[in-house]
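Structure first, commentary second.
The values are calculated or read from the model by the stated rules, or taken from the named source; none is laboratory data. Given the structure is predicted, the values throughout are model-derived calculations rather than measurements. As a convention, Cβ positions derive from the backbone with ideal geometry for all residues, glycine included, and neighbour counts pool all protein chains shown.
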Amino acid sequence: MIKLAEGIYIEENGVYQLDCSAALWSTDQIHNLFHAAGTFLCDTDFVAETAEFILLIEYKNANIPNATNPDGFKPFSAQKIDNIARKFYDSLHYLALEAKNKPVRYVYIVDFPKASVTDRKMLRNTIADKLPFKMQQGKQGKLIDDFEVLSISEWNGHSEYAAFPLTPVSQGEAS
């Protein structure tokens, strides 16, 4: 990820940027920390903190121009499902290191060819089964407060997440 300006992050393909400048705190550096420490941990792409919650944000887009093999992206494969769930669990270690103790929401922003609202709901339910919702029932604390799978347009139209717009990078910013 490339940091464009304070709180604005360009995703790894350089096509979209996430504007977290409205966040109390944000980062796209978990991957770099995990890699530098020599760990085998996985990470979410972005983290943003609001007054009420922490957002862990994972982003995948097989609908970008010049996408390499967009039909090869298999969001429903067991390996991809497990990987998306693992990114949540592993990113909790980073939140602990940063002493972030607010409710955690996990959002998977995903666009792929022929994806529909129904596909995203099915994907959400499949991944949610791998997250700690059942484990935390009846417990004092929570590891996760909410999980959603959204398209870019759903993210940008969301009543709370629209504060962090995901938009195409202009040509001048990408270079």
**Subset of the range 82-117 [surrounded by 15 or more Cβ atoms within 10 Å (Cβ to Cβ), modelled with pLDDT under 95 and under 15 Å from VAL149 (Cα atoms)]** = ASP111, PHE112, ALA115
**Asked** Which residue pairs have Cβ atoms closer than 6 Å, lie 6 or more positions apart in sequence or on different chains, and pair a first residue in the range 120-148 that is touching a residue at least 12 places away in the same chain (Cβ under 8 Å) with a second residue that is of a type in the set (Lys, Arg)?
**Response** ASP145/ARG105; ASP146/ARG105
**Complete:** Just one listed residue, out of GLU52, GLU12, is surrounded by fewer than 17 Cβ atoms within 10 Å (Cβ to Cβ) and at pLDDT below 95, and it is GLU12
**Prompt:** Are any residues in the range 23-32 surrounded by fewer than 16 Cβ atoms within 10 Å (Cβ to Cβ) and within 17 Å of ALA99 (Cα to Cα), and if so, which ones?
**Reply:** LEU24, TRP25
**Prompt:** Looking at LYS121, LYS139, LYS130, which is the one that is at pLDDT below 95 and either in contact with a helix residue (DSSP H, G or I) (Cβ under 9 Å, 6 or more places away or on another chain) or of a type outside the set (Gly, Ala, Ser) (or both)?
**Reply:** LYS139
**Request:** Of all residues in the range 131-161, count the ones that are surrounded by 13 or more Cβ atoms within 10 Å (Cβ to Cβ) and under 27 Å from ASP19 (Cβ atoms).
**Result:** 15
